[in-house]
Structure formats: structure tokens, C-alpha cells
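The values are calculated or read from the model by the stated rules, or taken from the named source; none is laboratory data. All figures in this text were calculated on a predicted structure; none of them were measured in a lab. FYI the Cβ positions are ideal-geometry reconstructions off the backbone, even for glycines, and counts take in every protein chain you see.
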Amino acid sequence: MKTTKPRSAASALSSDSALPHDARWRQPRWRSDVRRRLLDWFADSARQLPWRGTQDRYRVWLSEIMLQQTQVVTVIPYFERFTKRFPTVADLAAADEASVMQLWEGLGYYRRARQLHAAAKVIVEQHGGVFPGDYPSVLNLPGIGRYTAGAILSIADGQRLPIVEANTQRLYSRLIASTTHPSDRAANALLWDFAEQILPRRDSGTFNQAAMELGALVCTPQDPACSQCPLQVRCAAHGQGLETTIPGKVKNVQYEQRTEFALLVRSRRTDKYLVYRVPDGQRWAGLWDFPRFGPPHADSVQAAAEQAQQHFDVSVTVGSPAKTIRHGVTKYRITLQAFHADTDAASRNCDDRKWLSADQLKTLPLSVTGRKLAQYLDHLTP
Ligand code: SF4
């Protein structure tokens, strides 16, 4: 069960002052100077963004979820389309999942969209359609953790709640020259302690946005622009020449090569293609895809055809290779080999399975590779 109170430095894993870092940030004067410098810089340098300046929790929530692991420039058109189609949380709750997924298609990390939709339903059912304004209720919504709850309530309501996300994690680690990687629990607790204590009494939301903005625009991961940074004189990492070595790298991921097979199963009777809705718990759950199989169930296209018979009850004749797509998902480096395949099976539609023409596939929310294969079929269509 989720923690339902804002955790202070004392109630979280306690911040460990024995960790290597520069402790000058514990002086009130240091913190007030950093606040002033950062807020002055933000007043001059903040980007105009479609979600900036709003006090609508729904819009702040949406922007924060979309921005997770995703660049601002990518998010802007998605945010605008999404809020146009679903202007309120009640509109989002009332939507069917396919239309939510379709608007999300291409933004990646699709679990976010499904949790957003689930949370909207909870807000309608348990909060009368009004996005809650108290921390425990927000933290209990699907897909919302400590950072997102703090961001929503500080930005929309000015509540004094800290945040630590990718940009602030890097910025704060450098400011205090914390040389232990933030994935370490104690180092992470130190950063939350810092984030809480650096907050001004008022305008916490502006401060949080300013810190994220400085991290995004100036204190960037590879090449921080220290000469343009308003915090340079206070930055311990810069003082020690450690700005490019903090926060350091996580252990190298060991990638695994994997070959999968997709079947572009065409009905000889209707000239339509078989797609299915990816079930819960699988990669791209909620999106649609062509039948696709890989290890340990299929190590060849013939084995994939047998899997198609078992899973979809269609007997297929495998034809020529169609397209090869290389892509990465978590630790896997996947080579997807797609083949044409024909069937005489009846092409009946149901909730989680459809037979569609190349043209009809354009309106369905598809997985990333599914979209590429649909475009490939569309190009083949005279
Ligand atoms: Fe980041 Fe450099 Fe500014 Fe320090 S001085 S906060 S390392 S940009």
C-alpha cells in the first residue's frame, strides 16, 4: 500500500551527512542565495509552454506524466491534441481506451496512458470528477508517485512539496557535489532532504519549475553550460571540477539480442489483415499489433505460424519476407522479421481481434513496430 503522507527528511530514509558531498547547503544563507538566483533566472529565461502558468491540476498532471522520459518538444503537440480532445478529467474518464491509446501513440511508455485513464476514472468515481487537492488522495491515484504528486500540488496550488526527478536529481547532485550515484538509497534520500530544505516558504511550484528548467536547459547531462549558469558561484561540483562526472553512470546494461517474427496475415477472402489487442501484462498492453512471436515459443517463422494457429485459430501459409525492423525494448535488442502470410480462415472481428484493410489500420492505436508494418502495407496497396 502506498504511503499517504508527505514524507519529510525525517520520515523518509534519513539523509546521510556522511555521504561524500559539500555540506555548505545546510547554511540558510547559502540556500536563500540559491533560491534568489534561480528564481531571478527563471523569471527571465522560462520557456513559454502550453501547460505553464495554469493552475488546473488536471493539465499539470497531464504535462508531468507526458514529460516523464520524454523531451518537451515531443510532448507539446501531444499535450495540445490531448487537452483539445479531453478538456476535463471527466472527458478523459468517459473515453474508451482505444481513443486514449491512439492519442498517445508514438509518445512511448504506454503504461502511462493506461494509468492516466485509470486515474481519471478513480477521480470521477471517488472525487466527483474534481482532481483532488490533498497529497494523500493524489498519491493514491494510479501512476502517481512522490515526485508527481509534489509537482502537481506545488505547481497548481503552491503547496510546499519537494520534487526530485531526472533534471533536479542531476542539478541537486551537482550543486552539493554528491558523488554517490542517486540510484543509491542514501544518496537519493540526501537529494530529497536537499529538495525539501531548498524550497522557499512561498512559490514552491515556481521554484520547482525553475529547478527543472535549469536542469533541462543549462545543467544538462553531458555538457553543462556552467558559464551561463546562475548558480555557478554556489555550485560545489563546478568548484571542484566535477560537473561532468556527477551524477555518474549506472552500471552498464547487458543487452540481450533477440529475434522475433511478425506475420502479416491476409485473408484471401476479404484482403484484410489480422491484428489483435495486446493483453494486459505484455509489452504495449492496450495497443494493437500484428501476430508476433519470439523465444521461447518461436525461433523460426514456421514456429511463429504454429503459434498463430494456436493463439488465433488461423491456419496460415507463410509467404515472402516483408520487412525487418530493429528496435530496443528495455534490455532487449530485437530484430523483428515480418513475413507475408495468407489464410482462408473466416475473418470475424471481436473485441480483441480485428481484420482490417491497410487503410483501416490507420485509425487503430498500434505498437511502434505495428505502425511501421501498417505503413509498409499501405505503400503496397495500389
Ligand atoms: Fe550545473 Fe554547471 Fe550550474 Fe553547477 S555550475 S549547477 S554543474 S550548470
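Worth a mention:
- Considering the conditions (1) within 11 Å of the ligand (Cβ to nearest atom); (2) touching a helix residue (DSSP H, G or I) at 6+ places or on another chain (Cβ under 7 Å); (3) outside any loop (DSSP other than H, G, I, E, B), Pro247 is excluded by exactly one of them, (3).
- Selection from segment 157-182 of residues that are more than 16 Å from the ligand (Cβ to nearest atom) and either at positive phi or polar (S, T, N, Q) (or both): Gly158, Gln159, Thr180
- The lone criterion from (1) at pLDDT 95 or above; (2) among the hydrophobic types (A, V, I, L, M, F, W, C); (3) more than 24 Å from Leu366 (Cα to Cα) left unmet by Val250 is number (1).
- The single condition among (1) away from the ligand (no atom under 12 Å from the Cβ); (2) touching a residue at least 24 places away in the same chain (Cβ under 8 Å); (3) assigned to a loop (DSSP other than H, G, I, E, B); (4) over 18 Å from Arg37 (Cβ atoms) that Pro221 does not meet is (1).
- Restricting Arg269, Arg185, Arg258 to those that are touching a Phe, Trp or Tyr at 6+ places or on another chain (Cβ under 9 Å), more than 16 Å from the ligand (Cβ to nearest atom) and more than 27 Å from Ala43 (Cα to Cα) reduces the list to Arg258.
- Test result for Gln282, out of contact with any helix residue (DSSP H, G or I) (no Cβ under 8 Å at 6 or more places or on another chain), at pLDDT below 95 and not β-branched (Val, Ile, Thr): yes
- Hits in segment 177-213 (condition: surrounded by fewer than 19 Cβ atoms within 10 Å (Cβ to Cβ), modelled with pLDDT of 95 or more and assigned to a loop (DSSP other than H, G, I, E, B)): Pro200
- Residue check for Ile123: crowded, with 21+ Cβ neighbours inside 10 Å and touching a Lys or Arg at 6+ places or on another chain (Cβ under 7 Å): no
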